[in-house]
């Protein structure tokens, strides 16, 4: 058995004329938390649907636990706990009925763990799913994803539209899952501070392309934020080599760059600017800079490293 | 042990843990020989990746703040910081720069600042007492 849980190779997916995924290759090793980030329509959900076998790879290949999720749904889905963004649970069932129903699909269902989660999440077994609040629906979805102790937990935008208390439950579940016996988590999110808290690795999608995939620490360490002060106010955005983004006005501009600091400092000096501050950007700033960069210049594929 | 993480403030999360444990030790809220929560437990409490907590603990251990006793857990160290004087100055200067900038902004002169520093030191108490 290999140590790579998810293996996606050159996956391309088109919906009519829209390219949802463009030559995406991604490996997820066992025992880590992988954060999948990207704006709306970046391709996160499409990628996840391929992992679950809900979409068939037309170009490229998808392997989960070394298996093709479309050809071997039982072998793959039985080992995945999944929480979808729209948490499509059967509305007409009661909580206890849903748990019995879900349990039937998973031989490894842990009844006492399920009971414990139900207690922690304060879920009333007699309540109908459709009458649950948004937060309780998310907790119920999380329970059904966790109770069979899956080797791989996949969460698609788990925190979207939820209050801070429910988001804590979800982050807690991610941490417990990975701290337990080296199980693996893949979660997509646009809340980058959450990704920064819990992810080991991060993969960034933009317009269907993987623009970045690395250890979170490496991503954060390899990018810098420089604040430049120009001698004269700049009427237009200064052009600096190696800058992923440049934001500001007047005399002060903030630049996000990936390495190439010396080059950038030299260019700044030659344009009459002084570096007044250098610090480490947050994942959020890296993301905005990357996506912005992608918008400015399409086809800069050599910038992406995997 | 209370640790508060604020993402997006530019300080890496492991560094925030390191700084706060150092603060707790310096202010006597974490006393020599006191046991710290295991990596997994702290990770769940403050909702960060367990590897990040492990990294902070390793760093605190090499800075002499914490000691791992095999099979028993992680404890606050007795004794003093083994950091070189140069490294100590580097860390302190970074903080002092921020403090001086704030003070200048508020038009507080350096003598007043030193006086405040003494007052705070007295208030924190003598950690070796």
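Scanning the range A:266-284 for residues that are surrounded by 19 or more Cβ atoms within 10 Å (Cβ to Cβ) and in contact with a strand residue (DSSP E or B) (Cβ under 6 Å, 6 or more places away or on another chain) returns A:268, A:273, A:281.
Of all residues in the range A:172-191, those being surrounded by 22 or more Cβ atoms within 10 Å (Cβ to Cβ) and facing chain B (nearest Cβ under 8 Å) number 2. The residues on offer are B:48, B:53, and the sole one that is surrounded by 15 or more Cβ atoms within 10 Å (Cβ to Cβ), part of a loop (DSSP other than H, G, I, E, B) and in the same structural domain as residue B:23 (by TED's automatic domain parsing) is B:48.
Restricting the first member to the range B:82-95 and to residues that are within 17 Å of residue B:18 (Cβ to Cβ), and the second to residues that are outside any helix (DSSP H, G or I) and at pLDDT 75 or above, the beta-carbon pairs closer than 8 Å and six or more apart or on different chains are B:82/B:63; B:82/B:64; B:83/B:63; B:83/B:64.
Within the option set A:74, A:62, A:70, being in the same structural domain as residue A:127 (by TED's automatic domain parsing) and part of a strand (DSSP E or B) holds for one residue only, A:62. Only residues that are part of a helix (DSSP H, G or I) and either within 11 Å of chain B (Cβ to nearest Cβ) or touching a helix residue (DSSP H, G or I) at 6+ places or on another chain (Cβ under 7 Å) (or both) were counted in the range A:215-229, giving 5.
Scanning the range B:32-43 turns up no residue that is away from chain A (no Cβ under 14 Å), closer than 30 Å to residue A:224 by Cα, out of contact with any helix residue (DSSP H, G or I) (no Cβ under 6 Å at 6 or more places or on another chain) and at pLDDT below 90. Residues in the range B:1-15 that are more than 21 Å from residue B:50 (Cβ to Cβ) and either part of a helix (DSSP H, G or I) or away from chain A (no Cβ under 12 Å) (or both): 0 in all. Every test in (1) surrounded by fewer than 17 Cβ atoms within 10 Å (Cβ to Cβ); (2) within 14 Å of chain B (Cβ to nearest Cβ) is passed by residue A:196 save one, and that test is (1).
Residues checked against (1) loosely packed, with under 13 Cβ neighbours inside 10 Å; (2) assigned to a helix (DSSP H, G or I); (3) at pLDDT 95 or above:
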{"position": "A:89", "(1), (2), (3)": "no, no, no"}
{"position": "A:106", "(1), (2), (3)": "no, no, no"}
{"position": "A:130", "(1), (2), (3)": "yes, yes, no"}
{"position": "A:142", "(1), (2), (3)": "no, yes, no"}
{"position": "A:168", "(1), (2), (3)": "no, yes, no"}
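The condition of being under 19 Å from the mean Cα position of the chain (by Cα), buried (at least 24 other Cβ atoms within 10 Å of the Cβ) and more than 25 Å from residue A:150 (Cα to Cα) holds for only one of A:47, A:21, that being A:21. Name the single residue, out of those in the range B:1-15 being buried (at least 16 other Cβ atoms within 10 Å of the Cβ) and in contact with a helix residue (DSSP H, G or I) (Cβ under 6 Å, 6 or more places away or on another chain), that is farthest from residue B:65 (Cα to Cα). For the range B:1-15, the residue satisfying everything is B:7. Across the range A:225-243, the qualifying residues are those that are at pLDDT 90 or above and buried (at least 19 other Cβ atoms within 10 Å of the Cβ), and the one among them that is nearest to residue A:291 (Cα to Cα) is A:225.
Residues of the range A:31-44 being surrounded by fewer than 19 Cβ atoms within 10 Å (Cβ to Cβ) and within 14 Å of another protein chain (Cβ to nearest Cβ), which ones? Matches in the range A:31-44: A:31 only.
Yes/no matrix, rows are residues, columns are (1) within 14 Å of chain A (Cβ to nearest Cβ); (2) in contact with a helix residue (DSSP H, G or I) (Cβ under 9 Å, 6 or more places away or on another chain); (3) without any contact (Cβ under 8 Å) to a residue 12 or more places away in the chain:
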position: B:17; (1), (2), (3): yes, yes, no
position: B:23; (1), (2), (3): no, no, yes
position: B:48; (1), (2), (3): yes, yes, no
position: B:60; (1), (2), (3): no, yes, no
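The values are calculated or read from the model by the stated rules, or taken from the named source; none is laboratory data. Everything quoted here is computed from the prediction, not taken from an experiment. Methodologically, a virtual Cβ is constructed for each residue, glycine included, from the backbone with ideal geometry; neighbour enumeration extends over all protein chains shown.
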